[in-house]
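Asks: Once you've had a glance at the structure underneath, I'll fire off some questions.
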Amino acid sequence: MLNVKQVQKKYKRKEVLTNCTFEAERGDIIGLVGENGAGKSTLLKLIASVIKPTAGEIELDGLSYKNHVKDIRKKIGYVPQDIAIWEEFTVAENMLFFEKLSWKRKSVEQCKALCESMQLYAWKEKARALSGGTKRKLNLAISLLHDPDVLLLDEPTVGIDLKSKIEIGHYLKKLAKEEGKLIMYISHDMDEMMNLCDKIYAIGKDPFYKELLKEKKMDVEQLL
């Protein structure tokens, strides 16, 4: 279980998150919506332990981020919005390079099977030649090399074709429902949120997203 307790984040004098509190269970897909600058990406970075909160506490499976951050990082896969792959490497070279940096060892066959599980078959193609959707799949596959319990995704389907978006959505549902992973997901696509998420949190003071989703009969909670 993930526990976020009264988390606050300030950048100099600007307060981005204020008293953010919620719980999330494994097996759930949690959507985060809100206007630009509301703090969605900041919240994912805090949970990913990329940055530290100004105040408040975060715990994962009873472990405090303050005292057990190294152990917690082994449980988390984080995919920022910007694609982070080596463009001049093939898919295989990318997977094997990042596998050597991973917490867990995987064979070539296991790396290839991970790609193919999300319909990524361009094993020998260079990343620069891939479509946007295929690059996103590769980025996601890299984040799963160490079999994380928690997957944090910052707009992983932005700017890609509908087929790839649907395939990624199906794969994420499988990870959550069949493998028990907790997935937290940022997107501005409300239809995608409705089809994918078990619960949605609206971040920010603007009630627009909460009201919009309630009109669509989605259960949404305002975090801030």
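Readers should treat all values here as calculations from the given coordinates under stated rules, not as data from a laboratory. None of the values given here were measured: they were computed from a predicted structure. Here Cβ is always computed from backbone atoms with ideal geometry, including for glycine, and neighbour counts include all displayed protein chains.
Asks: Of all beta bridges DSSP finds with both residues in the chain, what is the antiparallel percent, to the nearest 5?
Replies: Details: 15 of 35 bridges.
Once the DSSP bridges in the chain are tallied, antiparallel ones form about 45 percent.
Asks: Another question, if that's okay. Which whole DSSP H helices in the chain pass both tests: a Cα extent of 15 Å or more along the axis and a mean Kyte-Doolittle value no lower than 0.5? Mind dumping the intermediate values first?
Replies: On the way: long enough: 91-101 (16 Å, 0.61); 132-143 (17 Å, -0.35); 162-179 (24 Å, -0.75).
Correct list, ordered by number: 91-101.
Asks: What relative contact order, as a whole-number percentage, does segment 1-125 give when Cα pairs under 8 Å and 6 or more residues apart are counted? The partial results should precede the final answer.
Replies: Working: 129 pairs, mean separation 26.2, N = 125.
Contact order relative to length: 21 percent.
Asks: Each label point is 7 Å from the Cα along the Cα-to-Cβ direction; what then is the distance between the points at I51 and H170, in nm?
Replies: Simple spin-label model gives 3.7 nm for this pair.
Asks: In nm, to one decimal, how far is the W86 label point from the K74 one, both placed 7 Å along Cα→Cβ?
Replies: Spacing of the two 7 Å Cα→Cβ label points: 2.6 nm.
Asks: How high is the relative contact order of the chain, given as a whole-number percent (alpha carbon pairs under 8 Å, six or more residues apart)?
Replies: On the way: 406 pairs, mean separation 65.2, N = 224.
Relative contact order here is 29 percent.
Asks: Which entries in K177/K205; K5/K199; K173/K210; K100/K137; K165/K210 show an alpha-carbon gap greater than 28 Å? It would help to have the intermediate numbers written out before the result.
Replies: On the way: K177/K205 32 Å; K5/K199 18 Å; K173/K210 23 Å; K100/K137 19 Å; K165/K210 24 Å.
Exceeds cut-off: K177/K205.
Asks: Using only DSSP helix segments of four residues or longer, with each worth -39500 (n - 2.57), what per-residue ellipticity at 222 nm results for the chain after dividing by its residue count and rounding to 500? If you can, show how the numbers build up before the last one.
Replies: Values: 8 runs with 78 residues, N = 224.
Rounded to the nearest 500, it is -10000 deg cm²/dmol.
Asks: Per-residue counts of other Cβ atoms within 10 Å, averaged by peptide: what ranking do you get for 146-156, 200-210, highest first? Let's see the in-between values first.
Replies: Values: 146-156: 20.7, 200-210: 19.1.
Ranked from most to least packed, the peptides come out as 146-156, 200-210.
Asks: Can you list residues from other chains, or at least 5 along the same chain, whose modelled amide H is less than 5 Å from the amide H of K10?
Replies: So K10 has HN proximity to V16, T54.
Asks: Here's a follow-up. Go through 33-42, 112-121 and give me the packing order, highest mean Cβ count within 10 Å leading. Let's see the in-between values first.
Replies: Numbers: 33-42: 19.4, 112-121: 17.2.
Final packing ranking: 33-42, 112-121.
Asks: Rounded to the nearest Å, what's the spacing between the alpha carbon centres of segment 8-36 and segment 128-151? Just the number, please.
Replies: Answer, in whole Å: 24.
Asks: What are the residues whose amide H is under 5 Å from the amide H of I51, where those residues sit 5 or more places off or on another chain and H is modelled from the backbone?
Replies: Amide H to amide H, under 5 Å and 5 or more residues apart or across chains, I51 pairs with L46.
Asks: Here's something else I'd like to know. In angstroms, what radius of gyration and Dmax does segment 2-222 have, counting Cα atoms only?
Replies: Taking only Cα atoms of segment 2-222, I get Rg and Dmax of 17.4, 50 Å.
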